[in-house]
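Novice: Below: one structure in structure tokens.
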Amino acid sequence: MNRREFIKTGAAILALSALGGCKKEELAQAGKKGTMTYREFPGIGAKISLLGYGLMRMPKTGNGPEIDKEKGFALIDEAIKGGINYFDTAWFYHDGLSETFAGEALSRYPRDSYYLASKLPMRILESGEQAEETFNKQLEKCKVDYFDFYLLHNLNGPLWEKSLGNGTVDFAMTLKGKGKIKRLGFSFHGENKDFPKILDYTKWDFVQIQANYYDWDTFSKELYEECAKRNIPVVIMEPLRGGELANLRPDAREILENAKQGSTPAQWAFRYIAEKENILTVLSGMTKMEHLKENLETFSPLVPLSDEEEKTLQTALKTYKEAGIVPCTGCRYCTPCPVGVAIPDIFKIYNDYRRSARISVTKKAYEALDKDTRANACVECGACLKKCPQSINIPKELKRIHKEIEG
């Protein structure tokens, strides 16, 4: 597709499907089949696809962080063809390779045809000068002169106070005036009590939070409502909790499938969270083409859950939570462990067991880990507790898992 054809197609899609921040009943009546749902808010100045592409989990060439460019480019092309125009990357993703991939993949398209978001890696920065150097490298890696959306990454209460003191927040605030970013926000991974003070520091253009039906009543709803009270649009991360909600136990999955034949757990999860009116876009880290195509179908257009469907989803959630799943999203922020425990790998092995109840497969996978990396190697130093966005008591869970698997 050449530039003229791309812009013409994109303009047609935007004209047909722009919604704004719609209420549920309005959303239910809007959009044509096969046409992406878009959102627009005062102050944002752009129509954003309600499905955004998170470039954190791209297909890889092996066990390392290297991205399979051929498969990755194909995914980006299909996403743009399907109406996605918001792409989210970060300094840390794929061990620093995600931004470079974003630059290579998206630079093949006109710069004004997509919106690119990246993030200032706050936890490794010690000064405004270091932040500026990092930011300039990000521009270079992404092959852009500016970012459409830019975030202070992974904020919590202590990191916010540190960043205020070392000049990195002040630096970020200057970027809009220089024309280097168009919209400034932050992503939050802390305790709810610290959220309002960050929200009220300045007039943020948007905020990114974790939200899904699993976490909604635990902490996500409160964060969402704090943003809504201030008319700050919300970007959603982890709508599937790192893929967890797409892989429900058979008994929970059956509840959903019986209620709507042909539906998948992922579709239920997206429909639940995306219908909320103060949401700008919902990020999904789509590794496989079949996942991307399914998600495009879900959002083209988005059909909100009925009241009866919401009740069904809550029934499935209750069944799922009773299975004893560890709420790990696989973000790997807890790594590296000081003594080498393979924390996210252990949680994945255990959660796969809780979903399938295949203990022989679980024991084989667990015993395949090096002895020094298994759960009983944990010395309970607590280093991981400060890093986990899900506030999991990791040492306690490791102790429980080892006892259960070995038993």
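Novice: Could we say that SER98 is surrounded by fewer than 23 Cβ atoms within 10 Å (Cβ to Cβ) and among the polar types (S, T, N, Q) here?
Specialist: The answer is no for SER98.
Novice: Now for a separate question. Out of all the residues in segment 163-219, which are touching a residue at least 12 places away in the same chain (Cβ under 8 Å) and basic (Lys, Arg)?
Specialist: Scanning segment 163-219 gives LYS180, LYS182, ARG183, LYS193, LYS197.
Novice: Working only within segment 248-274, note down all residues that are surrounded by 17 or more Cβ atoms within 10 Å (Cβ to Cβ) and outside any helix (DSSP H, G or I).
Specialist: Once the filter is applied, which keeps residues that are surrounded by 17 or more Cβ atoms within 10 Å (Cβ to Cβ) and outside any helix (DSSP H, G or I), segment 248-274 yields LEU248, ARG249, THR264.
Novice: While we're on this one: Go through the residues of segment 332-344 one by one and say whether even a single one is in a loop (DSSP other than H, G, I, E, B) and closer than 27 Å to LEU51 by Cα.
Specialist: Yes, some residue in segment 332-344 is in a loop (DSSP other than H, G, I, E, B) and closer than 27 Å to LEU51 by Cα.
Novice: On to the next question. Touching a Lys or Arg at 6+ places or on another chain (Cβ under 7 Å) and in a loop (DSSP other than H, G, I, E, B), is that true of ASN212?
Specialist: Taking the combined requirement at face value, the residue satisfies it.
Novice: Report yes if some residue within segment 346-368 is aromatic (Phe, Trp, Tyr) and either under 27 Å from PRO121 (Cα atoms) or in a strand (DSSP E or B) (or both); otherwise report no.
Specialist: So far as segment 346-368 goes, yes, one or more of its residues are aromatic (Phe, Trp, Tyr) and either under 27 Å from PRO121 (Cα atoms) or in a strand (DSSP E or B) (or both).
Novice: Give me the residue from segment 231-246 that is in contact with a helix residue (DSSP H, G or I) (Cβ under 6 Å, 6 or more places away or on another chain) and not β-branched (Val, Ile, Thr) and, out of that set, surrounded by the fewest Cβ atoms within 10 Å (Cβ to Cβ).
Specialist: This residue is ALA246.
Computed from the coordinates by the stated procedures, all read-outs in this text should not be read as laboratory data. Treat the numbers as computed from the prediction; the structure is a model and nothing was measured. Every residue, glycine as well, gets a Cβ built from its backbone with ideal geometry; the counts of neighbours run over all protein chains shown.
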